[in-house]
């Protein structure tokens, strides 16, 4: 079930504000973990109107995407945004590479945001997997413009994440997963949309300090609109971080 509990309303506002600051200042949405992020788009996305959008997409319309998936009192938050390489989502065309960054973090809703960290349940991210589906004007095709299937702690932006045998810590505010400048490859000329489906394998502590964990899979589909054009998606001439 995807929703935000009342306890998290303040958090949703903080995250939304952080995303606005990300778009305007180039700062990471994960304060204190990675420092300044030179990758997010610094130019506000020119959002198309509903009539112009070929494929219903919050990511394209708002220039970012964020979901809250509540499971057993833990809020799992996926956040995606375009990077400075291709900042304008209404200029994402079938031709050319498109660049985005995404983060994943967990919040214990049974505790207040400012409660001591030791009172919160720990959540560890083991594996992150992403698949893609291309939507064309007459259906779908078998292209896979973006794929990911990795051990999270081996690919996250933080070179030394807090980790155990279960994976990397993603409980706020001590841990978060971040992967920058991911590349969506060119697709067929009649592409109208691309669906990215995220799948995270996590271990959730049953009770704070108990040391006993439950394995879960957190999935999220993110539709992205692609606009018909003979033009090629134009990437800005900036260094592309390996992550």
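Quick notes on this structure:
Table: residues versus (1) at pLDDT 95 or above; (2) touching a strand residue (DSSP E or B) at 6+ places or on another chain (Cβ under 7 Å); (3) farther than 18 Å from residue 123 by Cα.
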position: 154; (1), (2), (3): yes, no, no
position: 184; (1), (2), (3): yes, yes, yes
position: 213; (1), (2), (3): yes, yes, no
position: 220; (1), (2), (3): yes, yes, no
position: 239; (1), (2), (3): no, no, yes
position: 243; (1), (2), (3): no, yes, yes
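- Among residues that are touching a residue at least 40 places away in the same chain (Cβ under 8 Å) and either within 25 Å of residue 165 (Cβ to Cβ) or surrounded by 22 or more Cβ atoms within 10 Å (Cβ to Cβ) (or both), residue 94 is included.
- Residue that is farthest from residue 101 (Cα to Cα), among those in region 189-210 that are in contact with a strand residue (DSSP E or B) (Cβ under 7 Å, 6 or more places away or on another chain) and surrounded by fewer than 15 Cβ atoms within 10 Å (Cβ to Cβ): 206
- Out of 113, 162, sole residue that is surrounded by fewer than 18 Cβ atoms within 10 Å (Cβ to Cβ), under 24 Å from residue 73 (Cβ atoms) and in contact (Cβ under 8 Å) with a residue 60 or more places away in the chain: 113
- Filter result for residue 103 (outside any loop (DSSP other than H, G, I, E, B) and surrounded by fewer than 19 Cβ atoms within 10 Å (Cβ to Cβ)): no
- Filter result for residue 194 (in contact with a helix residue (DSSP H, G or I) (Cβ under 9 Å, 6 or more places away or on another chain), modelled with pLDDT of 95 or more, within 24 Å of residue 89 (Cα to Cα) and in a strand (DSSP E or B)): no
- Test result for residue 139, free of Cβ contacts under 8 Å to residues at least 12 places away in the same chain and under 25 Å from residue 225 (Cβ atoms): yes
- Scanning region 28-86 for residues being at pLDDT below 95, closer than 20 Å to residue 185 by Cα and part of a strand (DSSP E or B) gives a total of 1.
Here is a yes/no grid of residues against (1) without any contact (Cβ under 8 Å) to a residue 40 or more places away in the chain; (2) assigned to a loop (DSSP other than H, G, I, E, B):
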| site | (1), (2) |
| --- | --- |
| 149 | yes, no |
| 173 | no, yes |
| 179 | no, no |
| 187 | no, yes |
| 217 | yes, no |
| 220 | no, no |
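The values are calculated or read from the model by the stated rules, or taken from the named source; none is laboratory data. From a predicted model like this one, the values you see are computed outputs, not experimental measurements. Using ideal geometry, Cβ is built from the backbone for each residue, glycine included, and neighbour counts are taken over all protein chains shown.
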